[in-house]
Every structure is written in structure tokens, then in C-alpha cells.
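This report concerns only the one structure given below.
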Amino acid sequence: MPHDPQAPDAVLARIDAMLPAALDRLMDLLRIPSISTDPAFKADCDRAADWLVADLQSLGFDAAKRPTPGHPMVVAHGDGPADASGPHLLFYGHYDVQPVDPLSLWDRDPFDPALENTPKGQVIRARGASDDKGQLMTFLEALRAWKAETGQLPCKLTIFLEGEEESGSPSLIPFLQDNAAELQADIALICDTGLFQDTAPAIVTMLRGLLGEEITLHAANKDLHSGMFGGLAANPIRALTRILANLHDDQGRVTLPGFYDGVSELPDAIRAQWQNLAFDHAAFLGDVGLSVPAGELDRTPLEMLWSRPTAEVNGIWGGYTGDGFKTVLPAEAHAKVSFRLVGTQDPHAIRAAFRTWVQAQLPADCSATFTEHGASPAGLMQITHPAFEAARAALGDEWGRAAAYVGCGGSIPIAGYFKTYLGMDAMLLGFARDDDQIHSPNEKYDVECFHKGIRSWARLLARLA
Ligand SMILES: [Zn+2]
């Protein structure tokens with residue numbers, strides 16, 4: 001039992017019956033203020049790790065708190081049935097939470113969780129309810145129901161829970177390097193993402209990379225008066241804005257030579273899934289007071305967000321910007337420029353191309369200096385791994401609408417780290433909603449998401465085990 005992927009019915013029924021107890025357990029974990037960035041909560045982070053170790057042990061895992069220079073990791077190993085043929089899965093989540101400030105904007109104590117009825121349904125309100133305690137508990141509750149029903153875990157499992165995700169993960173890479181052999185599995189499951197537009201189950205398979213550059217254009221050896229020098233002397237702001245204006249053509253394409261190397265066209269199957277999502281770009285832009293997609297003219301709004309690279313000027317300054325007026329010809333002009341990267345675009349090659357491209361356009365008497373601000377390539381998941389189609393089917397069964405492989409504009413570095421340091425592919429799926437207010441006051445998790453999240457994992461495990 002239950003190797004029929006369509007019918008882990010007994011497990012699903014048990015999940016339904018156990019929901020009140022599962023909510024109680026989650027609220028227990030939410031009562032521990034495991035704020036990782038604030039040293040005042042160090043003992044609480046430790047306590048959250050202990051709580052999870054005990055819970056995993058109760059599920060039959062060999063679980064332990066593992067020290068790091070910062071907050072501990074929780075690592076647990078469990079075996080499935082002796083004749084198990086399924087993959088060895090690693091599950092990742094994080095038990096630390098963001099600070100709660102400003103406390104005055106909370107309607108209740110952030111660490112005194114409660115169920116609350118809202119017009120959109122019942123929610124659990126507390127810091128960490130969604131990010132990431134509620135999400136990580138969906139997986140543990142699925143395992144609990146499975147074990148209760150069948151007497152064992154569904155397959156070979158490693159659980160890996162971090163306590164520093166909300167404070168920059170300073171111990172993560174060394175820990176992965178030091179424990180690479182122990183953490184080896186066939187695929188990593190990461191539960192820290194959301195549904196698409198609150199309703200469609202989604203598996204994140206594309207994460208855009210990021211490259212940052214700061215340019216300073218130098219002209220005269222000091223600021224000049226435009227009455228004395230204007231017309232004769234070079235103005236670096238004029239030179240800089242002219243160069244930056246050349247970064248895009250009339251079609252919205254980036255003009256940097258070689259910029260689109262490594263950018264591939266969307267596969268037809270993914271294009272069809274995205275069409276099926278019926279993204280309401282008018283509402284999406286309308287929320288922030290905009291109306292017209294501003295990317296490449298021949299691309300759909302979702303392509304612009306997820307599968308196409310961008311170039312953006314994030315800041316530009318120089319000369320006199322204070323109150324009143326000063327007719328200065330500045331000696332310097334500055335800009336910060338970033339690129340969101342996709343596919344196999346090489347951030348280092350693009351940085352070099354950008355500098356060469358700027359240098360080539362400098363007028364007489366102007367020179368440029370550059371400062372780098374980070375370079376990370378895009379993350380692209382290997383959706384050929386059978387776990388991906390299994391997850392799409394399982395999520396579709398549970399949520400009653402097709403699941404899609406989606407992109408993500410923000411960065412989730414853990415997936416890339418699993419690939420780089422463990423050589424392991426990762427699958428990102430989660431059940432958060434856009435209005436969960438993660439990192440903000442009054443964070444919540446919909447009880448429906450928690451419940452269906454648990455059921456989704458059970459369905460996926462049934463397909464994989
Ligand atoms: Zn998170």
C-alpha cells in the first residue's frame with residue numbers, strides 16, 4: 001500500500017481526519033520566536049531545532065541538531081520499505097523567521113498563533129505561519145499520515161532544515177561542502193514558494209540570475225560653472241544618459257552585443273502551460289498603477305517576467321540635486337545598472353561586454369570606471385527528471401486544475417547551491433498565497449493551503465514511492 005498512484009485514499013482520509021491535530025502541532029512550532037537575525041533569539045532558534053528533531057524522531061527518523069557557527073541545522077534520515085524502488089528524496093525547509101517589527105502593526109502577538117475566520121476562509125495568523133514553518137510542516141504531516149496508515153515511511157528520505165535562511169544563510173555553503181556525502185539524494189524538494197495567482201499549483205523551474213554594475217563617468221578635473229564653461233566643456237551626465245539610452249532599441253530589445261547568447265526559446269509545452277495560466281497582466285500592472293507591458297514588443301507578459309533577460313537602470317545621479325538650483329557642469333556622473341539573466345547567459349561575459357560597450361561610446365575627454373555588484377547565473381531545473389511530471393500530475397489531482405512549470409523573478413539561491421555543491425537537481429513547489437504577508441505584519445497561512453499542501457505531498461509520494 002499504496003503503490004497505486006491514483007489512490008492513496010486511506011492516507012488522504014487520515015490527513016483529513018488529522019487536520020485539527022496537525023494545526024495544533026504547527027501552532028506549537030509557531031509559538032517559538034525563532035528570529036535568526038537577532039542574537040536575542042538565539043536560544044529560541046535552538047529550541048525550534050530541538051522541537052523539529054523530536055518531531056522527526058517521533059516519525060521514526062534518525063534526527064539530530066547539527067551545530068554551525070550560527071544557528072543549528074536539523075538533519076534527519078529515514079528508510080522506506082525494505083523493497084522500496086522509489087528515489088531517495090531530500091526535503092529542504094527553514095525553521096527561522098523574519099523579525100516582527102513594527103509590532104504595532106500586528107493585530108495580535110506574532111508568536112501567539114490563532115485560527116481566524118476571514119472573508120476568504122480560515123487562516124492561521126502568526127510570524128512564520130506561511131514562511132516557512134507552515135510550508136515545511138505540510139511535508140512532515142504528509143509523512144505522519146503515511147506512517148500511521150502504512151507503518152513505514154514511503155521511501156528513503158533525508159530531511160534538511162535550515163535556521164538561517166532569513167539572515168543570509170551564512171553557514172549553508174560550508175555545511176553543504178562539509179556534509180556533501182551525507183546529504184546526497186536523487187532529488188531535492190524545496191517548499192518555500194507559492195501558488196500562481198493564488199489558485200494554480202506551480203512548480204518553479206526557472207529562476208532569473210542577476211548581474212549588477214555601477215558606472216562612474218569622469219570628465220573635467222573639477223565641477224565647472226555652466227556660464228563659464230557650458231558649450232565648450234564635456235558634460236558627463238549628457239554622455240552617460242546618451243549611452244544608457246542606447247541600452248534598448250525601439251523594440252525593447254537589449255542592444256549589448258552577445259547579450260542574448262544562451263537565451264533559448266520557450267519549449268512549446270511550457271508555452272502552452274503558461275497560456276493555460278491565463279495571466280491577467282492588466283490586473284498585475286494595475287495593482288501598481290501601470291497598464292502597458294514595457295518589455296520586448298514581440299513577447300508575452302509572462303515571458304517578459306520569467307523567461308526573457310532584462311537590462312534596467314536602477315539609479316542615476318550627478319551634478320546638483322539639492323533644493324534650489326545650481327548651474328553646475330559636474331565632473332562626474334553615476335549610474336547603477338542591473339541585468340536579470342536567464343538560460344545559460346554568462347554573467348561574467350555580459351559584464352565584460354557591457355564595459356567594452358560603454359567604453360566604445362565615450363566622447364572625447366570622458367573616461368569610465370566600473371564597480372561590480374554581484375553576478376549570479378540563472379537557475380534552470382532539469383524537468384526531464386521523472387519527479388517533475390509526477391509532481392505536476394499530483395498537484396493537478398489535488399487542486400483540480402493543471403499545474404504549471406513557472407518562472408520566478410526573485411532569487412532562491414538554495415536550488416543553485418544543491419546543484420553546485422551536491423550535484424543534485426531540485427524541485428521548488430509550495431502552497432503560499434500572494435497575500436500571506438510573509439516578512440510583514442499579520443503574516444498568515446490559509447488553512448486550505450496547509451491542508452491541500454499536505455494532501456499534495458501524499459499524492460506526490462504515492463507517485464514516486
Ligand atoms: Zn522562506
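The values are calculated or read from the model by the stated rules, or taken from the named source; none is laboratory data. None of these values were measured; they are calculated from a predicted model. Note: ideal-geometry Cβ built from the backbone for every residue, glycine included; neighbour counts use all protein chains shown. With ligands, DNA and RNA removed, areas are computed over all heavy atoms of the protein, side chains included. Shrake-Rupley method; radii C 1.70, N 1.55, O 1.52, S 1.80 Å.
Some values worked out for this structure:
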quantity	calculated
Residue within the stretch 283-291 that is open to solvent by less than 50 Å² (accessible area, probe 1.4 Å), in a loop (DSSP other than H, G, I, E, B) and at pLDDT 95 or above present	no
Subset of the stretch 111-131 [over 23 Å from L12 (Cα atoms), crowded, with 22+ Cβ neighbours inside 10 Å and either modelled with pLDDT under 95 or within 16 Å of the ligand (Cβ to nearest atom) (or both)]	A126, R127, G128, D131
Filter result (of a type outside the set (D, E, K, R), open to solvent by 20 Å² or more (accessible area, probe 1.4 Å) and over 14 Å from the mean Cα position of the chain (by Cα)) within the stretch 397-414	W399, G400, A402
Whichever residue in the stretch 139-159 is under 22 Å from P413 (Cα atoms) and of a type in the set (V, I, T) and, among such residues, is nearest to the ligand (Cβ to nearest atom)	I159
Residue match in the stretch 186-195 (condition: under 30 Å from A114 (Cβ atoms), open to solvent by less than 10 Å² (accessible area, probe 1.4 Å), within 16 Å of the ligand (Cβ to nearest atom) and small (G, A, S))	no
Candidates R208, R253, R242, filtered to the one that is open to solvent by less than 60 Å² (accessible area, probe 1.4 Å), in contact (Cβ under 8 Å) with a residue 40 or more places away in the chain and of a type in the set (D, E, K, R)	R208
The stretch 306-327, residues that are assigned to a strand (DSSP E or B) and crowded, with 17+ Cβ neighbours inside 10 Å	T310, A311, G318
So F279, is it open to solvent by less than 60 Å² (accessible area, probe 1.4 Å) and closer than 15 Å to G407 by Cβ	yes
Residue list for the stretch 59-81, filter: open to solvent by 20 Å² or more (accessible area, probe 1.4 Å) and either among the β-branched types (V, I, T) or free of Cβ contacts under 8 Å to residues at least 40 places away in the same chain (or both)	D62, A64, K65, P67, T68
Of all residues in the stretch 160-183 being hydrophobic (A, V, I, L, M, F, W, C) and within 16 Å of the ligand (Cβ to nearest atom), the one that is farthest from D131 (Cα to Cα)	L172
Residue check, V53 outside any helix (DSSP H, G or I), more than 30 Å from T199 (Cα to Cα) and either open to solvent by 70 Å² or more (accessible area, probe 1.4 Å) or not hydroxyl-bearing (S, T, Y) (or both)	no
Residue that is touching a residue at least 40 places away in the same chain (Cβ under 8 Å), touching a Ser or Thr at 6+ places or on another chain (Cβ under 8 Å) and of a type in the set (A, V, I, L, M), where the choices are L183, L157, L176	L183
Condition broken by I270, with the remaining ones in (1) assigned to a helix (DSSP H, G or I); (2) among the hydrophobic types (A, V, I, L, M, F, W, C); (3) exposed (fewer than 11 other Cβ atoms within 10 Å of the Cβ); (4) within 22 Å of the chain's Cα centre (by Cα) satisfied	(3)
Residues satisfying the stated conditions in the stretch 155-173, i.e. over 30 Å from S440 (Cα atoms) and open to solvent by 10 Å² or more (accessible area, probe 1.4 Å)	K156
Within the stretch 415-448, tally of residues that are within 22 Å of D107 (Cα to Cα), part of a helix (DSSP H, G or I) and either open to solvent by less than 10 Å² (accessible area, probe 1.4 Å) or of a type in the set (V, I, T) (or both)	2
Hits in the stretch 82-99 (condition: in contact (Cβ under 8 Å) with a residue 40 or more places away in the chain and open to solvent by 20 Å² or more (accessible area, probe 1.4 Å))	A84, G86, P87, H88, Q98, P99
Count - residues of the stretch 30-47 that are under 23 Å from the mean Cα position of the chain (by Cα), within 17 Å of E162 (Cβ to Cβ) and assigned to a helix (DSSP H, G or I)	1
Some residue of the stretch 136-145 being closer than 19 Å to S36 by Cβ, small (G, A, S) and open to solvent by less than 20 Å² (accessible area, probe 1.4 Å)	no
Criterion: in contact with a strand residue (DSSP E or B) (Cβ under 8 Å, 6 or more places away or on another chain) and surrounded by 20 or more Cβ atoms within 10 Å (Cβ to Cβ) - qualifying residue of E182, E213	E213
